[in-house]
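The values are calculated or read from the model by the stated rules, or taken from the named source; none is laboratory data. These numbers were taken from a predicted model, which means no experiment stands behind them. Here the Cβ positions follow ideal geometry from the backbone for every residue, glycine too, while neighbour counts run over all protein chains shown. Quick note on the areas: whole protein, heavy atoms, side chains included, nothing else; ligands and nucleic acids left out. Shrake-Rupley method; radii C 1.70, N 1.55, O 1.52, S 1.80 Å.
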Number of protein chains: 2
Amino acid sequence: MSENWLNKVNWADNGLVPAIAQEAGSGKVLMVGWMNRDALRATMETGEAVYWSRSRKRLWRKGEESGHLQKVRSVRLDCDEDVLLLEVEQAGGIACHTGRHSCFYRRLEHGEWIEVEPVLKDPKDIYDK
Amino acid sequence: MSENWLNKVNWADNGLVPAIAQEAGSGKVLMVGWMNRDALRATMETGEAVYWSRSRKRLWRKGEESGHLQKVRSVRLDCDEDVLLLEVEQAGGIACHTGRHSCFYRRLEHGEWIEVEPVLKDPKDIYDK
């Protein structure tokens, strides 16, 4: 099958673009991961979000350890063709490795980053199974 | 005033982090810009989104030409401290330089990027004043 759609993405020199995961229904922005060609191809083939882990330097199926998979409903591309927007269903309602719904749990208030979202599940109970 | 909050951000080697602009109320993801320290500081000082333009290589107050300013209601930081999420009120209801509400106007369908959002205003009428 043609990969024109993958060529259309304006991959950065390191081969990556940011991919925003937004929750279907709530519209909440859950996290930002990074994707390369293989990650986006794998995401479309499996219907589940696959990112490129910059720390592990390998493809990383979101939730492969935690079970907090992301079912992908749609993928959008921005005008500069260098950012992806995924509409996802978040398994377990937890996207963040800290056990929170969203990774964006700190808000700037009077010059300080304040935690404004609760931990829904202790990370120890997510990862040490 | 202390700039601890700016030091807390995990700026990349090029000094930048992605900043997502999400519309207050609708929850729509409008665009992603890039910010450096000066951009984030200026955003907080003015209450309007200021990004770093990678093409122009200077600070860029969103809407400085188009009038499509973004009033910033809140700023969030993710768990890795390397992505910002802005809650904004979008002046004119147009974030994209193509005249659309959102920059994410193409959706992947059957291996093709399809335009799924209308042009609300001709870019010629936005920029050639």
Average Cα contact separation per residue, chain B, under 8 Å, 6 or more apart, as relative contact order %
21 percent
Quick one: dipole size for the protein assembly as shown, taken about the Cα centre, charges +1 on Lys/Arg Cβ and -1 on Asp/Glu Cβ, in debye to the nearest 20.
180 debye
If we hang a label 7 Å off Cα along the beta carbon direction at B:ASP80, how far is it from the matching labels on the other copies, in nm, shortest first?
1.8
Å³ per residue of the Cα convex hull, for chain B?
137 Å³
What does the copy distance list look like for B:GLU3, label position 7 Å along Cα→Cβ, in nm and ordered from shortest?
4.3
Nm distances between the label at B:LYS57 and the same-position labels in the remaining copies, 7 Å along Cα→Cβ, shortest first?
3.1
Once you have the Cα-Cα distance between A:ARG56 and A:GLU112, take 0.36 nm times their residue separation minus that, and quote the gain in nm to one decimal.
17.1 nm
Whose amide H sits under 5 Å from the amide H of A:LEU30, counting only residues 5 or more places off or on another chain, with H placed in the peptide plane?
A:ALA21, A:GLN22, A:GLU23
Within the accessible area of the stretch B:1-102, what % is carbon and sulfur when the probe is 1.4 Å and the other protein chains stay in place?
45 percent
May I ask you to order A:47-60, B:18-31 by the average number of other C-beta atoms within 10 Å around their residues, highest value first?
B:18-31, A:47-60
Gap separating the Cα centres of the stretch A:47-83 and the stretch B:69-126, nearest whole Å
20 Å
Nearest to the axis that maps chain B onto chain A: list the chain B residue whose Cβ wins, with the distance in whole angstrom.
B:GLY27, 2
Cα-Cα longer than 23 Å, checked against A:LYS62/B:LYS71; A:LYS28/A:LYS71; B:LYS28/B:LYS57, kept in input order, equals A:LYS62/B:LYS71; B:LYS28/B:LYS57
The ³J(HN,Hα) series, computed from each phi in the stretch A:34-39 with the Karplus coefficients 6.51, -1.76 and 1.60 at θ = phi - 60°, rounded to the nearest Hz and given as x for glycine or proline, is 10, 10, 10, 4, 5, 5
Over the protein assembly as shown, what lengths in whole Å, largest first, do the semi-axes of the equivalent ellipsoid take, defined as the square roots of 5 times the eigenvalues of the alpha-carbon gyration tensor?
27, 24, 16
Within a 10 angstrom radius of each residue's Cβ in A:67-79, how many Cβ atoms of other chains show up on average? Whole number is fine.
4
What ³J(HN,Hα) values, in whole Hz, does the Karplus curve 6.51 cos²θ - 1.76 cosθ + 1.60 give for the stretch A:103-108 when θ = phi - 60°, with x put for Gly and Pro?
6, 8, 9, 10, 10, 7
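Report the B-A buried area as the accessible area lost on both sides summed, probe 1.4 Å, in Å² to the nearest 100. Working shown, then result.
Numbers: alone 7900 and 7890 Å², together 12490 Å².
Between B and A, the summed buried area is about 3300 Å².
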When all protein chains stay in place, what accessible area (Å², nearest 10, 1.4 Å probe) is found for B:GLU45?
140 Å²
